[in-house]
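The values are calculated or read from the model by the stated rules, or taken from the named source; none is laboratory data. Quantities reported herein were computed from a predicted structural model and do not represent experimental measurements. In this analysis, Cβ positions are derived from the backbone assuming ideal geometry, glycine residues included, and neighbour counts consider all displayed protein chains.
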Amino acid sequence: MSQKSAQVFYEKQRLPLRRIGPALATPPCVMAGLLVWQVVLGHPLGKLAMSNGNLIGWTIFLWIIFFRLLTVQLVTEIRNGELLVGLRGLWRARRVSLGDIQSAETITFDPVRDYGGYGIRTGRQGSAYIASGNLGVRVKLGNGATFVVGSQQSNELVRLLRRPKVV
């Protein structure tokens with residue numbers, strides 16, 4: 001028998017950059033402005049100004065972080081009897097055995113109102129993995145834990161999670 005993973009479901013979603021892009025770009029842009037002010041124009045930033053080397057280093061660091069965050073994607077997979085959900089490029093995936101899933105239902109939600117935004121969030125209804133849109137799947141586990149997976153293919157995901165588990 002082949003050891004290759006039997007992938008049943010795969011969905012990749014990008015974060016809504018029109019909404020969060022300006023917020024992510026603010027720190028590196030401010031640091032770039034401070035860099036120009038101090039290093040290029042020669043105006044120290046107060047009495048205890050940061051050294052030019054530190055200012056350059058922090059500016060480069062913040063731009064690297066900014067570009068890294070632009071590539072983060074929410075990836076949802078079902079393979080080898082597990083549901084895997086994670087922000088690829090930023091966070092380890094959450095692995096849940098399909099046998100541990102008690103129920104799954106399609107839901108509509110407001111990411112900002114219900115969970116405070118996008119990403120891996122915790123709200124009144126439990127934790128959530130949200131990248132875009134307002135559709136998702138609420139998963140209840142046998143141990144009582146609940147989490148939401150944002151999905152533009154929520155009906156297909158629910159169908160696969162509800163299917164009888166073969167042991």
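Data for the structure
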item	result
Positions within the range 6-34 being β-branched (Val, Ile, Thr) and over 18 Å from ILE64 (Cβ atoms), in sequence order	VAL8
Subset tally (residues that are surrounded by fewer than 19 Cβ atoms within 10 Å (Cβ to Cβ), part of a strand (DSSP E or B) and under 15 Å from the mean Cα position of the chain (by Cα)) for the range 126-158	1
Meets criteria (under 19 Å from the mean Cα position of the chain (by Cα) and not in a helix (DSSP H, G or I)) for GLY117	yes
Filter result (free of Cβ contacts under 8 Å to residues at least 12 places away in the same chain and of a type outside the set (Lys, Arg)) within the range 118-167	THR122, GLY123, GLY144, PRO164, VAL166
Conditions (1) outside the structural domain of CYS29 (by TED's automatic domain parsing); (2) more than 17 Å from VAL8 (Cβ to Cβ); (3) not in a strand (DSSP E or B): number failed by GLU105	(3)
Meets criteria (among the small types (Gly, Ala, Ser) and on the phi < 0 side of the Ramachandran plot) for GLY89	no
Filtered residue count, the range 46-96, keeping only those that are over 19 Å from ALA23 (Cβ atoms), touching a helix residue (DSSP H, G or I) at 6+ places or on another chain (Cβ under 6 Å) and assigned to a helix (DSSP H, G or I)	2
Pair list, Cβ under 6 Å, 6 or more apart: the range 85-101 residue crowded, with 16+ Cβ neighbours inside 10 Å, other residue of a type in the set (Ser, Thr, Tyr) and assigned to a strand (DSSP E or B)	VAL85/THR76; VAL85/TYR129
